[in-house]
Each structure stands twice: as structure tokens, then as C-alpha cells.
Amino acid sequence: MLKSYRRIALIEGISYLVLLFIAMPLKYGFDYPHPVKYVGWVHGVLFVAYVALLLVCWAQYKWSILRVSGFFIASLVPFVPFIVEKRLEKEYGKV
């Protein structure tokens, strides 16, 4: 389960960056809203998967509420999901 969570953390982080730095500028700078619609939808699905897997890992690995809260907040800040993934790799090794 941890392997899936770490992968989703990376993919969700990438989708967030694409949404913020590519799709949103296209929408507001060039009046081309289609990328936000599709990238936003994909990012939303990935975010739900991230949260679901976070809850599963919370139960399975008996993480503290502080850690789970931190990982949730990390998903809301650009670039931080990559730090979370590296932290988990350092702690649990390559899964």
C-alpha cells in the first residue's frame, strides 16, 4: 500500500504543478480554458486517491494524526508532495 501511496503522491504533485503552471496560465493568459477542465478533473481524481491511500496507510502503518495531517497539508502546497515521497523513501526504503 505504501508503494501505491508514494506513486500517487508523485503523480498528484505533478498534476498539481501542470494545473498551476500550465493549464491556469493558458486559461487566464490566453483565454483557453480547456486544459483546466481536463487537467483539473484528472488532478481531482488523483487528489481523492491520494487522500484515500493516506487514510489506508494511516491505519496500516499506525501513523500519528500529526503526521497524517502534515501529509494532507503537504498535498495542498506545490512541490511539497515530492518532499513527502522522499521522506517516506528514506524512512521505509524503496518499496
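The values are calculated or read from the model by the stated rules, or taken from the named source; none is laboratory data. Owing to the predicted nature of the structure, the values given are computational and were not obtained by experimental measurement. Glycine gets a Cβ as well: all are built from the backbone with ideal geometry, and neighbour counts include every protein chain shown.
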Expected single match for exposed (fewer than 13 other Cβ atoms within 10 Å of the Cβ), touching a Leu at 6+ places or on another chain (Cβ under 8 Å), among the aromatic types (Phe, Trp, Tyr) and farther than 30 Å from residue 61 by Cα among 32, 28, 38 is 32
Residues of region 40-95 satisfying the condition of being over 10 Å from residue 9 (Cβ atoms) and polar (S, T, N, Q): 60, 64, 69
Between a residue in region 44-59 that is in contact (Cβ under 8 Å) with a residue 24 or more places away in the chain and any residue that is loosely packed, with under 13 Cβ neighbours inside 10 Å, which pairs come within a Cβ distance under 8 Å, given they are 6 or more apart or on different chains? 53/1; 56/1; 57/1
Quick one: would you say residue 93 is surrounded by fewer than 16 Cβ atoms within 10 Å (Cβ to Cβ), of a type outside the set (Lys, Arg) and modelled with pLDDT under 95? yes
Any residue at all in region 41-51 that's farther than 17 Å from residue 81 by Cα, under 17 Å from the mean Cα position of the chain (by Cα), at pLDDT 95 or above and part of a helix (DSSP H, G or I)? yes
If you take the residues of region 1-40 that are of a type in the set (D, E, K, R) and assigned to a helix (DSSP H, G or I), which of them is farthest from residue 87 (Cα to Cα)? 27
Output for Cβ contacts, cut-off 8 Å, separation at least six or different chains, first residue more than 12 Å from residue 46 (Cα to Cα) in region 9-20, second at pLDDT 95 or above and assigned to a helix (DSSP H, G or I), reads 18/39; 18/43; 19/36; 19/39; 19/40; 19/43
Would you mind finding the one in 22, 8 that is among the β-branched types (Val, Ile, Thr) and modelled with pLDDT under 95? 8
